[in-house]
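Read the structure below first, then the notes.
The values are calculated or read from the model by the stated rules, or taken from the named source; none is laboratory data. Fair warning: this is a prediction, and the values are worked out from it, not measured in the lab. Every residue, glycine as well, gets a Cβ built from its backbone with ideal geometry; the counts of neighbours run over all protein chains shown. The area values use the complete protein model at the heavy-atom level, side chains included, leaving out ligands, DNA and RNA. Shrake-Rupley method; radii C 1.70, N 1.55, O 1.52, S 1.80 Å.
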Amino acid sequence: MTDYMLDSGHFLVVGGTFIAVVASVLLHYEVSIALSRTMENATNSLRRRFLVLIFGLLGAHIVEIWFFALASWLLLTHPLTGSLTGLESIHFLDHVYLSAVTFSTVGYGDLVPQGAIRFLKGTEGLTGFMLITWSASLTFIEMQRHWEVGKRS
């Protein structure tokens, strides 16, 4: 019979996940709004405007990945939150790597979360998928605006 009791490790992971998700979504919202306004008001060449957009969104995703890596690293200092298997010793940049492959939904499988920390990683994959899609939508909208202006000229 499997034990379905929730312990303090589970609650820590849920709380840490909540913080990482909220921080990532709020950052993404603020960066998206700032980049959208920059695109509207920019007098630079189209090339520069789109490079600012793409590098701004890429930077936001990198910070979001680091939010989840930090959450994972901090949570796994508690013995009841689980572990990562796949390497003899896990360093902080291993958490960043795992976050990048989870956030982007690549999921190589060389590092495997065990225990309650799986909730963080599963939620990170969903959050990453949604934020990447949001970025793609913003990029498409900005390209569509450019095409509309080009048609009127």
- Is one or more of the residues making up the stretch 76-94 more than 11 Å from the chain's Cα centre (by Cα), surrounded by fewer than 13 Cβ atoms within 10 Å (Cβ to Cβ) and assigned to a helix (DSSP H, G or I)? yes
- Going by the structure shown, is TYR108 open to solvent by 80 Å² or more (accessible area, probe 1.4 Å) and among the hydroxyl-bearing types (Ser, Thr, Tyr)? yes
- Message: I need every pair where a residue in the stretch 79-94 that is among the β-branched types (Val, Ile, Thr) has its Cβ under 6 Å from the Cβ of a residue that is in a strand (DSSP E or B), sequence separation at least 6 or different chains.
- Response: THR85/VAL112; THR85/GLN114; ILE90/LEU84
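Kindly establish whether GLU64 is among the acidic types (Asp, Glu) and open to solvent by less than 70 Å² (accessible area, probe 1.4 Å).
Values: among the acidic types (Asp, Glu): yes; open to solvent by less than 70 Å² (accessible area, probe 1.4 Å): yes.
So GLU64 passes the test.
Among the residues of the stretch 121-134, is any open to solvent by 80 Å² or more (accessible area, probe 1.4 Å) and in a loop (DSSP other than H, G, I, E, B)?
As a first pass, look at the stretch 121-134 and keep what is open to solvent by 80 Å² or more (accessible area, probe 1.4 Å): 126, 129-130, 134.
If we keep only those that are in a loop (DSSP other than H, G, I, E, B) as well, we get none.
Checking the stretch 121-134: not a single residue is open to solvent by 80 Å² or more (accessible area, probe 1.4 Å) and in a loop (DSSP other than H, G, I, E, B).
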- Taking ALA23 and the conditions (1) open to solvent by 30 Å² or more (accessible area, probe 1.4 Å); (2) small (Gly, Ala, Ser); (3) out of contact with any helix residue (DSSP H, G or I) (no Cβ under 7 Å at 6 or more places or on another chain), which numbered condition does it fall short on, given that it satisfies the others? (3)
